[in-house]
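So that we are looking at the same thing, I have put the structure below in structure tokens.
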Ligand SMILES: Cc1cc2nc3c(=O)[nH]c(=O)nc-3n(C[C@H](O)[C@H](O)[C@H](O)COP(=O)(O)O)c2cc1C
């Protein structure tokens, strides 16, 4: 049996294999952030399709963190019954499921419709990478958001989810705090790496205090920013060590504050030759060297033998996939039967473009054929 199909653990959670569906926003919630029938179907298909752990799409923990009208909320107890249906769907088919806890920081555009400005650690004048308007978060608001993360994790547990993952990548609130480019604060939330990670560490403590000692608490870390002057990989590696020491139970390695469109960001296109595959592999490998908790690799992972190689060489413990599973939710079962099978996903990012127009997630290229 392939090493990719071994049963493995994250803390006390046993997964049937090493495949994780990386968090994927699906634009399918209703306008109140509730779980819909389409989402139940999506999770059912993925679980039936063989994936070990499904990480939900972004769910906002506090209204100030909402980025889209069609994203799920986990900011209110009223949402628990719907969320419970989602976790039950995964379990019916032998998969585990985690909620991705999210705050968009300055990118939380949706709050503007409520005539409020999004919040961020600092306001950066003439930022070439971000043009939206936003304001500096106060210490009081930071405390409120920490509480919101704790309460959201409690709801995930109550709704039957097996774990939570804090979204600490892709330029959102946690990336904004970690990056020396977007965090210019001179109080205890800015400056040294340890201070820029205070939000991540205090969030962990809040979550741990609401979910108890045994519940897996994961983080997706943006280990490097996409431009000079941002977070470097050297600091990203140190950050991963500090997060593991804090107690996070597994770390998924992705990118931080965005630079140029697509290239240098989390969803690169043109994964059409081996040298384009696994574009964050090097970062995972460097982080894994000193890691005391499991490392999850993500980003253009396409070929079965390459993924096996990464696990055998101890470059990562888990393989996370997003776009290939949008196109083929049953890809893992197909690989079980035929490891030589190539994913049909062409990494065109049309799924993402249509989401931006409010069209629910689907594989655009293949659904037309
Ligand atoms: C349609 C779409 C939605 C995504 N939604 C999320 C999300 O909700 N949270 C997150 O952390 N990353 C999200 N990502 C990034 C993926 O989780 C993943 O890190 C990235 O696509 C690279 O993996 P892949 O090459 O297997 O697609 C999304 C990507 C796509 C294409």
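The values are calculated or read from the model by the stated rules, or taken from the named source; none is laboratory data. Model, not experiment: these values are computed from the prediction. Counting neighbours? That spans all protein chains shown, and the Cβs are built from the backbone with ideal geometry, glycine included.
Among (1) without any contact (Cβ under 8 Å) to a residue 40 or more places away in the chain; (2) closer than 24 Å to residue 9 by Cβ; (3) more than 13 Å from the ligand (Cβ to nearest atom), where does residue 336 come up short?
Result: residue 336 passes all but (1).
Here is a follow-up. Only one of these is crowded, with 20+ Cβ neighbours inside 10 Å and in contact (Cβ under 8 Å) with a residue 24 or more places away in the chain: 296, 292, 311. Name it.
It is 296.
Can we say residue 257 is more than 25 Å from residue 131 (Cβ to Cβ) and buried (at least 21 other Cβ atoms within 10 Å of the Cβ)?
No, not satisfied.
For the list (1) under 23 Å from residue 107 (Cβ atoms); (2) in contact with a strand residue (DSSP E or B) (Cβ under 9 Å, 6 or more places away or on another chain); (3) in contact (Cβ under 8 Å) with a residue 60 or more places away in the chain; (4) surrounded by fewer than 24 Cβ atoms within 10 Å (Cβ to Cβ), I need the number of the one condition that residue 215 fails.
Residue 215 satisfies all of (1) under 23 Å from residue 107 (Cβ atoms); (2) in contact with a strand residue (DSSP E or B) (Cβ under 9 Å, 6 or more places away or on another chain); (3) in contact (Cβ under 8 Å) with a residue 60 or more places away in the chain; (4) surrounded by fewer than 24 Cβ atoms within 10 Å (Cβ to Cβ) except (1).
Give me the residue from the stretch 299-308 that is within 16 Å of the ligand (Cβ to nearest atom) and part of a helix (DSSP H, G or I) and, out of that set, surrounded by the most Cβ atoms within 10 Å (Cβ to Cβ).
Restricting to residues being within 16 Å of the ligand (Cβ to nearest atom) and part of a helix (DSSP H, G or I), the top hit is 307.
Residue under question is residue 314, and the condition is that it be at pLDDT below 95, more than 10 Å from the ligand (Cβ to nearest atom) and either out of contact with any strand residue (DSSP E or B) (no Cβ under 7 Å at 6 or more places or on another chain) or at positive phi (or both); does it hold?
no
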